[in-house]
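First comes the structure, then the notes that go with it.
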Amino acid sequence: MAGLGAALGAVLVIVVSMVAPRPTASDLLPTTSIPAVDGVSPGPTVATRSMPVEQVYGRFARGGVVTSGGTEVDVFAGSAGDLMLQTGRVAAADVFFTGGALPFTRWLPSGRYPVSTLHAEAPGSGDDRIAAAMIRVRPGDPLRWELAVTAGQDPAGLGPGEFVGYGVDSGTGCFASAEAVEWLARAGSGAWDLYSRRVEAAVFPSRNELHSVADVPIGDPNQLNVIAFASGWGDGTYPSYFGLDAAGQPLVLLTDFQILDGD
């Protein structure tokens, strides 16, 4: 696991500037060794002064011009594909460490649901960053937001400004069903190598081309998939939130990559 992390850290360089040139596929290709399934989640992280989650959610509908790191960017929503949830258990993870992800303790309804991504582009730069990713399972706007946690994480124990989230070490996150996670964890290195090559082909379709979103089949008999997306400015720890209705039922699950400036 340490070797894989070192390798990824060495070859996956995501430039922080919104106007920096985008890396090529040869810069970004990771190793394809199957990661250990240790169930370790990052500890509490102090939030930056980024846009509140309810405002990030609102930008999916109305887009507009905001700032990111002090630079004006155009934000707009795009479709990333539909995610299959066999039982409604869902996880968010680094796309190359999916086999070790823990599902969130709150379940979504089972079914196939659309995933949207919130794009942020600095005018004239050609640089496309993903500010947030969202699964919608019911219509309507959330009335309150709940931090998504995995087993053993207690939001009541967090200090002011702290959150828990999932770690990214490859510049690319994803949503996946618990069944997809479990299949990848037990399928063996051959199946993991095939999955990794599918991720690479979807995200890096040619040597100098990088896609910011991808719908990737994992190769199992049930045709499960993951929805992958670039993680904001790159590596880090990112929180996810359930948007709930008046009855406390989830309408959306949103991961915020914290690149949009708050007030």
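Could you list, in sequence order, the residues of the stretch 169-184 that are over 12 Å from residue 90 (Cβ atoms), in a helix (DSSP H, G or I) and either open to solvent by less than 10 Å² (accessible area, probe 1.4 Å) or touching a residue at least 40 places away in the same chain (Cβ under 8 Å) (or both)?
Applying the first criterion (over 12 Å from residue 90 (Cβ atoms)) to the stretch 169-184 yields 169-173, 182-184.
Now narrow it down to the ones that are in a helix (DSSP H, G or I): 182-184.
Listed by number, the residues that qualify are 183, 184.
Check residue 259 against each of (1) open to solvent by 20 Å² or more (accessible area, probe 1.4 Å); (2) touching a strand residue (DSSP E or B) at 6+ places or on another chain (Cβ under 9 Å); (3) over 17 Å from residue 86 (Cα atoms); (4) not basic (Lys, Arg) and name the one condition it does not meet.
In the conditions (1) open to solvent by 20 Å² or more (accessible area, probe 1.4 Å); (2) touching a strand residue (DSSP E or B) at 6+ places or on another chain (Cβ under 9 Å); (3) over 17 Å from residue 86 (Cα atoms); (4) not basic (Lys, Arg), residue 259 misses (1) alone.
Based on this model, can you work out whether residue 237 counts as among the β-branched types (Val, Ile, Thr), within 18 Å of residue 88 (Cα to Cα), in contact with a Gly (Cβ under 8 Å, 6 or more places away or on another chain) and touching a residue at least 12 places away in the same chain (Cβ under 8 Å)? Outline the logic, then answer.
Values: among the β-branched types (Val, Ile, Thr): yes; within 18 Å of residue 88 (Cα to Cα): no; in contact with a Gly (Cβ under 8 Å, 6 or more places away or on another chain): yes; touching a residue at least 12 places away in the same chain (Cβ under 8 Å): yes.
So residue 237 does not fit the description; no.
Determine the pairs where a residue that is surrounded by fewer than 19 Cβ atoms within 10 Å (Cβ to Cβ), located within the stretch 82-107, has a partner that is of a type in the set (Lys, Arg) and not in a loop (DSSP other than H, G, I, E, B) with Cβ atoms under 7 Å apart, the partner being 6 or more residues away or on another chain.
82/112
Out of 61, 91, 7, I need the residue that is at pLDDT below 60, out of contact with any Leu (no Cβ under 6 Å at 6 or more places or on another chain), among the hydrophobic types (A, V, I, L, M, F, W, C) and not in a loop (DSSP other than H, G, I, E, B). Which one?
On the way: 61 fails: at pLDDT below 60; 91 fails: at pLDDT below 60.
7 is the lone residue from the list that is at pLDDT below 60, out of contact with any Leu (no Cβ under 6 Å at 6 or more places or on another chain), among the hydrophobic types (A, V, I, L, M, F, W, C) and not in a loop (DSSP other than H, G, I, E, B).
From the list 129, 136, pick out the single residue that is at pLDDT 90 or above, closer than 23 Å to residue 68 by Cβ, crowded, with 16+ Cβ neighbours inside 10 Å and among the basic types (Lys, Arg).
Numbers: 136 fails: closer than 23 Å to residue 68 by Cβ.
Every option except 129 fails the conditions.
Could you list, in sequence order, the residues of the stretch 232-256 that are among the small types (Gly, Ala, Ser), at pLDDT 95 or above and either open to solvent by 10 Å² or more (accessible area, probe 1.4 Å) or in a loop (DSSP other than H, G, I, E, B) (or both)?
Scanning the stretch 232-256 gives 246, 247, 248.
The values are calculated or read from the model by the stated rules, or taken from the named source; none is laboratory data. Values in this document were obtained by computation on a predicted structure and should not be read as measured data. Positions of Cβ are generated from backbone atoms using ideal geometry, with glycine treated the same way; all protein chains shown enter the neighbour counts. Accessible surface areas use protein heavy atoms only, side chains included; no ligands, DNA or RNA. Shrake-Rupley method; radii C 1.70, N 1.55, O 1.52, S 1.80 Å.
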